[in-house]
1. Rg to Rh ratio, the range 481-535, alpha-carbon atoms and Kirkwood radius?
2. Calculate the spin-label point distance for residue 368 paired with residue 437, positioning each point 7 Å from the Cα along the beta-carbon direction, and give it in nanometres.
3. On alpha-carbon atoms, Rg over Rh for the range 233-364 using Kirkwood Rh?
4. What net charge do the residues around residue 484 carry, taking every other residue with its C-beta under 9 Å from that of residue 484, with Lys and Arg at +1 and Asp and Glu at -1?
5. Between residue 229 and residue 458, what is the spin-label point distance in nm, taking each point 7 Å from the Cα along the Cα→C-beta axis?
6. If I model a spin label at residue 401 and residue 245 as a point 7 Å from the Cα along the Cα→Cβ vector, what separation in nanometres do I get?
7. Give the peptides 219-229, 308-318, 509-519 in descending order of average Cβ contacts within 10 Å, highest first.
8. Just by accessible area at a 1.4 angstrom probe, what is the order of 212, 231 from largest to smallest?
Amino acid sequence: MGDDDKLRRSYEDRVRALNHEIRQRERELVILSQVAGRVHGADEVQQIFDIALDEILNRMELNAAWVFSGDQRERKLYLAASRGVSPAYLEEVRTQGLGECLCPEVFWTGHRMQARNTTQCPRMPDIVAGLKAPVAHACIPLKFEGETKGVLNVAARPGEQFSEEELRFLETLGHQIGLAVERARHREAERRRDREARAMAAINKAIGGSLDPAAILKAVGETAQSILAADRVVVLLGADPRALSVARLAGFPHPELVEGQALDLVAAGSRLQVRALEEHQVFSIDDWEKDARVNPELARRWEAASGIVAPLAAHDRTFGLLVITNAKPRHWTVDQVDGAEARAAQASVALGNARLYEDARTAYQDLKDAQQRIMGTEKMAVLGTFASGLAHEVRNPLNSIALQLSILDRRIVRVDAAVGREMGELTKIIREEVQRLDGLVGDFLLFSRTDRLQYRAADLAALADEVIQLLGPEAAGAGITLRRLAIGGRLPSLQMDAEKMKQVVINLVRNAIEAMPDGGEVTVESGAVDGQARLVVRDTGPGLPEGVDVFQLFVTTKPKGTGLGLSIVQQIVLQHGGEITTASEAGKGTVFTVSMPLPGPREQKEEVRA
């Protein structure tokens, strides 16, 4: 072969090589253009990874690629996207992690590495689906914001390896992917900061000037769910893990919990939440199946595959827990955990302020009530002294009038019958008014003596039975049915003035009878309820007028009432250390409830010994 032929052949080989390289570069430019154009227009990181893998595999005529992403501060990698990867390997990574693999080394060092056959990657050919022979694959670090944030893996064709040019091209693609991810994350960070700013403004507005715990918890629950894009937020209040209350639910309905429900975390088996409450520590869980700290059965029942648990604590006081969960596994970033902790701290301070305000308001109300009781006691003492003197002064003339009426009755008998009948009607009216005045005087005298109590052990239930027997005929005459019921536990003997308490029961039952001129039913109940001695009188009458305080002096609903009876009843009950309340519904009747303290265990033992 002549020199000219050799030269021509060399030239043709060179031209073919150049044409092949040109076609290769053109193909790479097309791929690069397509990948760059599509990924830089995407807003979601997941979308960027999916687009990049599809373009690389389709245009390079390859079958398998996958991306791991993570944060170097956490030194963890997570499978972010994959194509052509074995389902068994995907499940293994999800449940057990990466295990022995080249990707962590590439991730931590940021160096490009090429796997040659199976010599450097111990997981091939397990990774690629349907692979029968070992293949090489390239690991390309993905750098954003100056740090390695992931690894792009591309499997070569069976029996082949990537050339240096292909590896450099994949590095260029990785660089474009990194730029797109960095841009998307910046946009997402801006959106997140905007959402957080709006949420912070909303939560500050909601709780900044609010001292209402319900408003605070509502704002915290809704903003935490919005900012962290969580499925469910639960706020638990209380310092004892065995005695918490479900104060707020936001997001998806909870499969077991409802607002207002009492919750024992120890009995429920929630180890992690108990730790968060007791240790004042924030915990994040990416996947309950991989986290030994989590009770898997409880996580399954509560549909909490991942979450953040943050304690609510401020001013050296523990208020409860903020629990943020997702129904699916999810990686919580450091910023998200910090955000949850910030929401919890903000809620804790607001709850602490609300609690301090409530304590101050309660103390002020207690002081105000004590002052009113003192003033009321002084008023009653003055009024009692006045009533006693007035009653004595009035009763003497009334006795004289009654005596003169008796004399007048005897003389009326001697006059003409027609005139006698007319005068008899007049004297009858006078006598009824005298009796009414005498009854009023009696009430005044009783009112003036209510503070003179003589305590001894007595049975409140037996006392109620006496009153039922005493007023039975009176009730039957008015068409009233008297019923006697026991409620709660058995009543022990109480230290009380039996005669005064008997007046209380008589007054309440008689009022109920008089409230039903057309007949009805009166029920007297007694027993130990909620740690107190309880006496309840119910009627089926018309009920009390709305807005009327029947315990005030001289307030009455009877045409001829004095307005002293229920005031006396209240005073007697208060002097026994108890309280009396009333509830009424128009057309359905009235209920009077007397509550008195039960004796302590020591008092009961002393009574038994006596």
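The values are calculated or read from the model by the stated rules, or taken from the named source; none is laboratory data. All values derive from a computational prediction rather than experimental measurement. All Cβ positions, even for glycine, are placed from backbone atoms using ideal geometry, and neighbour counts span all protein chains on display. With ligands, DNA and RNA removed, areas are computed over all heavy atoms of the protein, side chains included. Shrake-Rupley method; radii C 1.70, N 1.55, O 1.52, S 1.80 Å.
1. 1.03
2. Between residue 437 and residue 368, the label points sit 4.3 nm apart.
3. Answer for the range 233-364: 0.98.
4. On the way: positive: 483; negative: 465, 525.
The answer is -1.
5. It is 7.3 nm.
6. 5.7 nm
7. By packing density, highest mean first, the sequence is 219-229, 308-318, 509-519.
8. Final ranking, largest accessible area leading: 212, 231.
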